[in-house]
Amino acid sequence: MSLDSTLVGRTFPATQPYRVSEEKVAEFAAASGTPYEPGGQVPATFPIVLAFAAMNDFLDTVGVDLSRIVHGEQKFAYERPLVAGDVLTTALTVASLRQIGGNDILGTRSDVTDADGTLVCSTSAVLVHRGEAGA
Amino acid sequence: MSADLSTWEAGQELEPRTYPVTRAHLVRYAGASGDFNPIHWSDRIATTVGLPGVIAHGMFTQALTARAVAEWTGGAEVVELTAKFTNPVVVPDDDTGVEVVVAATVRSVEDGLVTLALTVTSGGTKVLGNPRAVVRA
């Protein structure tokens, strides 16, 4: 199944507010062995927790199975560091879509904003949606 | 403890870091990140979608590059982090797994920002395309 080019430019409903806790940040840091102390630098890839949730909602909406998605590219551009206590929401926008060799190459931008609605981190991902083998 | 990045110069190479990646790491990362894509824990499903076997989350490899940056810089503020996932890191179901090596050259130091050009390899193959980090000096 190919994705529909009318998705390009659409922004999907933002995720429910997510409270960043010291415990979750510590768990995330420990999973990659990254040094972290409470109040210290939150691991740079932590916003993927939010962006991934936004992507899952998007995939459910468009009817794509997660196992057919391979990550092609990821960028994090910070306006300010995340801190424990932040309450963040994330909205995914489809930036681009092209088809290559039976795969959909999907460009997404998921903006992470704080409780004031101020942008904290803009995350961009390229997602490769692998077509059915032999289809 | 922050490193004194103001003494860093363009062209300077940072000591490469080597990290093991086993299935256990992938399971732990899946739980911590919420990324339960079965291509990161099921050989059956990974091969069904045309992969050689279970592969590491691209985001786990990028998390390891961020770890290296945090270790080199003493936890400097990261302003930007980017990478393409050009080659999968296939992780065998054994006790040793594979290694990911993160190396870096200081690309520039200007306007209070340090740009690192990274090289991330596994088994001698580059696994990330154009990985880069920008940190506040």
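Odds and ends about this structure:
- Loop-located GluC sites (Glu not before Pro) in the stretch B:70-137, at most 13 other Cβ atoms within 10 Å (DSSP): none
- Note on B:28-37: average number of Cβ atoms from other chains within 10 Å of each residue's Cβ is 6.
- Note on the stretch A:13-88 and the stretch B:62-137: Cα centroid distance 18 Å, given to the nearest whole angstrom.
- Computed lengthening from B:Thr86 to B:Trp41, 0.36 nm per intervening residue step minus Cα-Cα distance: 14.2 nm
- Taking the Cα centre of chain A as reference, the dipole from Cβ charges on Lys and Arg (+1) and Asp and Glu (-1) amounts to some 360 debye.
- Chain B: angle of helix B:23-33 to the longest principal axis, Cα-based, in degrees nearest 10: 70
- Computed over chain B with a Gaussian network model linking Cα atoms closer than 10 Å, the most mobile of B:Phe85, B:Phe60, B:Phe36 is B:Phe36.
- Relative contact order computed over the stretch B:1-121 (Cα-Cα under 8 Å; 6+ residues apart), in percent: 39
- Length gained when the stretch A:Glu22-A:Ala77 is fully extended (0.36 nm per residue, less Cα-Cα span): 17.6 nm
- Gain upon complete extension [B:Thr48, B:Asp93; 0.36 nm per residue less C-alpha separation]: 14.5 nm
- The angle separating the long axis of helix B:58-73 from the principal Cα axis of greatest extent in chain B is about 30 degrees.
- Computed over chain A: relative contact order in percent, which uses C-alpha pairs under 8 Å that are six or more apart: 31
- Taking every residue in B:82-88 and counting other chain Cβ atoms within 10 Å of its Cβ, the average works out to 4.
- The calculated 222 nm mean residue ellipticity attributable to helices in the protein assembly as shown amounts to -6500 deg cm²/dmol, summing -39500 (n - 2.57) over DSSP H runs of n ≥ 4 and dividing by all residues.
- GNM remark for chain A: springs join alpha carbons under 10 Å apart, and the peak mean-square fluctuation among A:Pro35, A:Pro43, A:Pro17 falls on A:Pro35.
Since every read-out is calculated from the coordinates, none of them should be taken as a lab result. It should be emphasised that the depicted structure is a prediction, and the values quoted were computed from it without experimental measurement. In this analysis, Cβ positions are derived from the backbone assuming ideal geometry, glycine residues included, and neighbour counts consider all displayed protein chains.
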